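Report on the following structure.
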Ligand code: CDP
């Protein structure tokens with residue numbers, strides 16, 4: 001019998017390891033990994049660079065018409081990278097300057113409609129792992145496997161601090177902590193598609209799990225899904 005591919009969604013709090021697990025699963029299963037957060041970060045970068053007034057509806061609509069988002073494979077390491085209007089922005093969108101504004105911009109209805117439409121099109125052929133905040137609730141409510149990730153707050157702060165410190169040694173633990181708390185608050189309190197666990201999502205707390213252990217756990221859930229592999 002032909003193997004049937006599924007859709008796997010991974011939602012959860014900022015910096016709790018969603019993308020690490022999503023990449024691991026995609027590699028293991030031969031699936032496509034889509035980082036939906038990168039899309040909101042790239043839109044934010046465009047707004048910041050072009051001084052878009054995102055409190056003005058017409059300005060937002062106009063700006064979105066000038067934004068083309070694409071994921072392209074990096075042939076050196078096989079990872080998928082975010083392109084904004086043909087420019088590789090994978091590195092610059094991880095900056096704290098973008099992180100400080102992204103949740104405000106991701107809360108705008110038109111911005112979400114713009115991104116969600118493209119995300120749904122990417123999942124049309126299945127065989128996809130997508131991580132974000134509303135993937136299991138809004139983007140793919142019928143996904144076969146939904147995970148909701150969480151981890152202890154201080155562990156999340158330390159993980160993100162180490163990632164950012166490698167790029168910018170001036171970053172402080174307090175700045176990182178404030179940014180994560182700020183984003184988690186806005187993401188879970190916004191009107192449109194707030195971060196919440198889908199009713200049928202499995203909770204994965206990886207506070208004390210190694211990447212290898214979290215992958216093994218997730219693969220055990222994948223193998224329980226009929227039609228997978
Ligand atoms: O820092 P982390 O990797 O946890 O976040 P991200 O996945 O890069 O997402 C950055 C921001 O984009 C989030 O804080 C949300 O405000 C927004 N986002 C969203 O609203 N919906 C998604 N599906 C993905 C991200």
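In the stretch 16-73, counting only helices (runs of 4 or more DSSP H) that sit wholly within it, the ones holding 2 or more residues that are away from the ligand (no atom under 16 Å from the Cβ) and over 20 Å from residue 151 (Cβ atoms) span 18-29, 57-65.
Here 217, 180, 147 are screened, and the one residue that is under 16 Å from the mean Cα position of the chain (by Cα), more than 13 Å from the ligand (Cβ to nearest atom) and not in a loop (DSSP other than H, G, I, E, B) is 147. Here residue 9 clears all of (1) farther than 23 Å from residue 89 by Cα; (2) in contact with a strand residue (DSSP E or B) (Cβ under 7 Å, 6 or more places away or on another chain); (3) more than 12 Å from the ligand (Cβ to nearest atom) except the condition numbered (3).
Could you figure out which of (1) within 11 Å of the ligand (Cβ to nearest atom); (2) at pLDDT below 95 isn't true of residue 225? The single condition residue 225 does not satisfy is (1). I need every pair where a residue in the stretch 83-108 that is over 22 Å from residue 190 (Cβ atoms) has its Cβ under 6 Å from the Cβ of a residue that is in a loop (DSSP other than H, G, I, E, B), sequence separation at least 6 or different chains. Correct list of pairs: 85/68. Taking the conditions (1) in contact with a helix residue (DSSP H, G or I) (Cβ under 7 Å, 6 or more places away or on another chain); (2) within 13 Å of the ligand (Cβ to nearest atom); (3) part of a helix (DSSP H, G or I) in turn, residue 175 satisfies each one other than (2).
The residue pairs whose first member lies in the stretch 137-155 and is on the phi > 0 side of the Ramachandran plot and without any contact (Cβ under 8 Å) to a residue 12 or more places away in the chain, whose second member is part of a helix (DSSP H, G or I) and surrounded by fewer than 20 Cβ atoms within 10 Å (Cβ to Cβ), and whose beta carbons are closer than 8 Å, counting only pairs six or more residues apart or on different chains, do not exist in this structure.
Only one residue in 88, 56, 74 is over 24 Å from residue 195 (Cβ atoms), at pLDDT 95 or above and in contact with a strand residue (DSSP E or B) (Cβ under 9 Å, 6 or more places away or on another chain). Which one? The conditions single out 88. Could you tell me whether residue 166 is more than 13 Å from the ligand (Cβ to nearest atom) and loosely packed, with under 14 Cβ neighbours inside 10 Å? Yes, satisfied.
Here is a yes/no grid of residues against (1) crowded, with 18+ Cβ neighbours inside 10 Å; (2) at pLDDT below 95:
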| residue | (1), (2) |
| --- | --- |
| 3 | no, yes |
| 8 | yes, no |
| 21 | yes, no |
| 39 | yes, no |
| 42 | yes, no |
| 46 | yes, no |
| 50 | no, no |
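The values are calculated or read from the model by the stated rules, or taken from the named source; none is laboratory data. Note that the structure is a prediction, hence the values are computed from the model and not measured. Backbone-built Cβ (ideal geometry, glycine too); neighbour counts: all protein chains shown.
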